[in-house]
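Report on the structure given below.
The values are calculated or read from the model by the stated rules, or taken from the named source; none is laboratory data. What you see is a predicted model, and the numbers here were worked out from it, not measured in a lab. Positions of Cβ are backbone-derived with ideal geometry, glycine not excepted, and every protein chain shown enters the neighbour counts. Quick note on the areas: whole protein, heavy atoms, side chains included, nothing else; ligands and nucleic acids left out. Shrake-Rupley method; radii C 1.70, N 1.55, O 1.52, S 1.80 Å.
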Amino acid sequence: SAVPPGAHLIIVGSWRPDMHEIATDLVKRAGRIVLDSREACATEAGELIAAGIDLASTVELGELIRDVEGDNVLSDEILAAELLRSGDVTLVKSVGVGGQDVAIAKAVADLAERVGGIGTVVRGYDAA
(Lines give C-alpha, C1' and ligand atoms only; values in the text may rest on other atoms or scores of the structure.)
Protein backbone atom coordinates (compact mmCIF):
# COMPACT_ATOMS: atom_id res chain seq x y z
CA SER A 1 0.00 0.00 0.00
CA ALA A 2 3.01 2.31 0.39
CA VAL A 3 3.86 2.07 -3.32
CA PRO A 4 1.97 4.77 -5.22
CA PRO A 5 0.18 4.20 -8.53
CA GLY A 6 2.49 4.87 -11.45
CA ALA A 7 5.58 3.57 -9.67
CA HIS A 8 8.09 1.61 -11.73
CA LEU A 9 9.65 -1.37 -9.95
CA ILE A 10 12.73 -3.28 -11.03
CA ILE A 11 13.28 -6.31 -8.83
CA VAL A 12 16.48 -8.30 -9.24
CA GLY A 13 17.47 -9.73 -5.85
CA SER A 14 15.59 -13.01 -5.58
CA TRP A 15 16.33 -16.05 -7.70
CA ARG A 16 14.60 -18.96 -5.96
CA PRO A 17 10.92 -19.95 -5.75
CA ASP A 18 10.95 -19.44 -1.96
CA MET A 19 12.36 -15.90 -2.20
CA HIS A 20 10.17 -12.80 -2.55
CA GLU A 21 11.30 -9.19 -2.86
CA ILE A 22 7.83 -7.70 -2.95
CA ALA A 23 4.38 -8.68 -1.69
CA THR A 24 2.05 -10.75 -3.84
CA ASP A 25 -0.55 -7.95 -3.78
CA LEU A 26 1.98 -5.57 -5.32
CA VAL A 27 2.81 -8.06 -8.09
CA LYS A 28 -0.89 -8.30 -8.87
CA ARG A 29 -1.13 -4.49 -9.23
CA ALA A 30 1.17 -4.64 -12.24
CA GLY A 31 -0.29 -4.96 -15.71
CA ARG A 32 1.91 -6.87 -18.12
CA ILE A 33 5.21 -7.71 -16.47
CA VAL A 34 8.61 -7.46 -18.19
CA LEU A 35 11.03 -10.34 -17.55
CA ASP A 36 14.63 -11.07 -18.43
CA SER A 37 13.61 -14.65 -19.30
CA ARG A 38 10.22 -16.38 -19.16
CA GLU A 39 11.95 -19.77 -18.90
CA ALA A 40 14.13 -18.74 -15.96
CA CYS A 41 11.35 -16.85 -14.15
CA ALA A 42 9.00 -19.84 -14.46
CA THR A 43 11.15 -21.74 -11.96
CA GLU A 44 13.04 -19.00 -10.10
CA ALA A 45 10.83 -15.91 -9.59
CA GLY A 46 9.17 -16.64 -6.24
CA GLU A 47 7.02 -13.53 -6.18
CA LEU A 48 5.61 -14.26 -9.66
CA ILE A 49 5.04 -17.94 -8.88
CA ALA A 50 3.22 -17.10 -5.62
CA ALA A 51 1.05 -14.53 -7.41
CA GLY A 52 0.07 -17.10 -10.04
CA ILE A 53 1.24 -14.89 -12.91
CA ASP A 54 0.60 -16.40 -16.35
CA LEU A 55 4.04 -16.02 -17.92
CA ALA A 56 2.51 -16.19 -21.40
CA SER A 57 1.03 -12.74 -20.69
CA THR A 58 4.43 -11.27 -19.79
CA VAL A 59 6.94 -9.55 -22.06
CA GLU A 60 10.61 -10.49 -22.32
CA LEU A 61 12.98 -7.54 -22.22
CA GLY A 62 14.30 -8.39 -25.69
CA GLU A 63 10.79 -7.95 -27.11
CA LEU A 64 10.91 -4.24 -26.26
CA ILE A 65 13.68 -3.61 -28.76
CA ARG A 66 14.26 -4.74 -32.28
CA ASP A 67 17.47 -4.63 -34.28
CA VAL A 68 17.04 -2.72 -37.51
CA GLU A 69 19.93 -2.94 -39.99
CA GLY A 70 22.86 -3.85 -37.81
CA ASP A 71 23.43 -1.90 -34.60
CA ASN A 72 20.58 0.57 -35.07
CA VAL A 73 18.26 -0.45 -32.23
CA LEU A 74 14.83 1.15 -31.98
CA SER A 75 12.36 0.79 -29.14
CA ASP A 76 9.03 -0.84 -29.87
CA GLU A 77 7.04 2.25 -28.88
CA ILE A 78 3.61 0.62 -29.22
CA LEU A 79 4.43 -2.25 -26.85
CA ALA A 80 6.21 0.07 -24.42
CA ALA A 81 3.22 2.45 -24.32
CA GLU A 82 0.85 -0.48 -23.73
CA LEU A 83 3.00 -1.69 -20.83
CA LEU A 84 2.95 1.72 -19.18
CA ARG A 85 -0.84 1.99 -19.22
CA SER A 86 -1.68 -1.67 -18.51
CA GLY A 87 -1.56 -1.60 -14.71
CA ASP A 88 -1.35 0.40 -11.53
CA VAL A 89 2.44 -0.07 -11.42
CA THR A 90 5.01 -1.28 -13.93
CA LEU A 91 7.19 -4.22 -12.98
CA VAL A 92 10.43 -5.64 -14.37
CA LYS A 93 11.71 -8.91 -12.88
CA SER A 94 15.18 -10.32 -13.46
CA VAL A 95 16.43 -13.56 -11.96
CA GLY A 96 19.79 -13.33 -13.68
CA VAL A 97 20.66 -14.92 -16.99
CA GLY A 98 24.21 -16.15 -17.59
CA GLY A 99 24.30 -14.79 -21.14
CA GLN A 100 23.56 -11.29 -19.83
CA ASP A 101 26.38 -11.64 -17.28
CA VAL A 102 28.82 -12.61 -20.05
CA ALA A 103 27.70 -9.70 -22.26
CA ILE A 104 28.12 -7.20 -19.42
CA ALA A 105 31.52 -8.61 -18.44
CA LYS A 106 32.68 -8.32 -22.05
CA ALA A 107 31.45 -4.73 -22.28
CA VAL A 108 33.34 -3.84 -19.07
CA ALA A 109 36.52 -5.59 -20.27
CA ASP A 110 36.29 -3.86 -23.67
CA LEU A 111 35.90 -0.47 -21.97
CA ALA A 112 38.85 -1.16 -19.66
CA GLU A 113 40.96 -2.09 -22.67
CA ARG A 114 39.97 1.08 -24.57
CA VAL A 115 40.59 3.34 -21.59
CA GLY A 116 43.83 1.59 -20.67
CA GLY A 117 45.51 1.22 -17.31
CA ILE A 118 42.50 -0.51 -15.76
CA GLY A 119 42.58 -4.11 -14.57
CA THR A 120 45.20 -6.81 -14.93
CA VAL A 121 45.85 -8.98 -17.96
CA VAL A 122 46.75 -12.55 -17.02
CA ARG A 123 48.99 -13.80 -19.83
CA GLY A 124 48.53 -17.41 -20.86
CA TYR A 125 45.30 -17.79 -18.85
CA ASP A 126 43.41 -19.30 -21.76
CA ALA A 127 46.33 -21.27 -23.21
CA ALA A 128 45.76 -24.98 -23.66
The chain: relative contact order from alpha carbon pairs under 8 Å, six or more residues apart, as a whole percent, is 33
Under the helix-only model (-39500 (n - 2.57) for each DSSP H run of 4 or more, divided by the residues of the chain), the mean residue ellipticity at 222 nm, to 500 deg cm²/dmol, is -10000 deg cm²/dmol
Burial-style ranking of 88-96, 118-126, average other-beta-carbon count within 10 Å with highest first, yields 88-96, 118-126
Computed on Cα atoms, the radius of gyration and Dmax of region 88-128 in angstrom are 16.0, 55
The extension gain from A109 to D25, computed as 0.36 nm times the residue separation minus the Cα-Cα distance, is 26.2 nm
Yeah, region 5-70 with a ≥ b ≥ c from its alpha-carbon gyration tensor (a/c under 1.5 is rounded, else prolate when a/b outruns b/c, oblate otherwise) is prolate
Counting only protein heavy atoms and leaving out ligands, DNA and RNA, the solvent-accessible surface of L111 at a 1.4 Å probe, in Å² to the nearest 10, equals 90
Between the Cα axis of helix 98-115 and the main Cα principal axis of the chain, the angle (0 to 90°, nearest 10) is 50
The simple spin-label model distance between V102 and A56, using points 7 Å out along Cα→Cβ, in nm, is 3.1
Here, the chain modelled as identical Cα point scatterers in vacuum has Debye log10 I(q)/I(0) at q = 0.14, 0.17 Å⁻¹ of -0.74, -0.94
Ranked by GNM mean-square fluctuation in the chain (Cα springs under 10 Å), the top entry among G13, G98, G116 is G116
